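These notes concern the structure reproduced below.
The values are calculated or read from the model by the stated rules, or taken from the named source; none is laboratory data. Because the structure is predicted, anything quoted here is derived from the model rather than measured. Cβ placement follows ideal geometry from the backbone for every residue including glycine, while neighbour counts extend to all protein chains displayed. Surface areas here come from the heavy atoms of the whole protein model, side chains and all, with no ligands, DNA or RNA. Shrake-Rupley method; radii C 1.70, N 1.55, O 1.52, S 1.80 Å.
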Amino acid sequence: MFASDREIAEAVVGRDAEKVERLLLSLPKLEACGFPKRTPDGRYTPAVRDFYDRVHRARLSETAPAPRQPQEDGQWKPEKKGRALHRV
């Protein structure tokens, strides 16, 4: 459930020492963007995964709107015609 910064860096960029060090040096900047803070036990790995999912939009949230469904004949519903909305 918790991992050290080095373990997380190796999981994200692989075991290339240069890439790991580069990621370790960027952690303070990532924290400013929402990367999970380090606790005495390490970083909470599900939160790290969620951070990268948000950054790369890898998973849809439960609140994402359902995709539009076509009509039975396979055609999309036409847009409703009416008054145009004007900005105030």
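Ligands, DNA and RNA aside, Val48 has an accessible area near 10 Å² when probed at 1.4 Å.
Within the range 7-32, which residues have the backbone N less than 20 Å from the label spot 7 Å out from Arg49 along Cα→beta-carbon, could you tell me? Label zone hits: 7-15. Projected label points at Ser4 and Ala17, each 7 Å from Cα along the beta carbon direction, are separated by 1.5 nanometres. Taking the 1.4 Å solvent-accessible surface of the range 1-53 as the whole, the part contributed by carbon and sulfur is 56%. Between rounded, prolate and oblate, where does the range 1-40 land on the alpha carbon gyration tensor, with a ≥ b ≥ c its root eigenvalues, rounded for a/c under 1.5, else prolate if a/b exceeds b/c? Oblate, since a/c reaches 1.5 and b/c is not below a/b.
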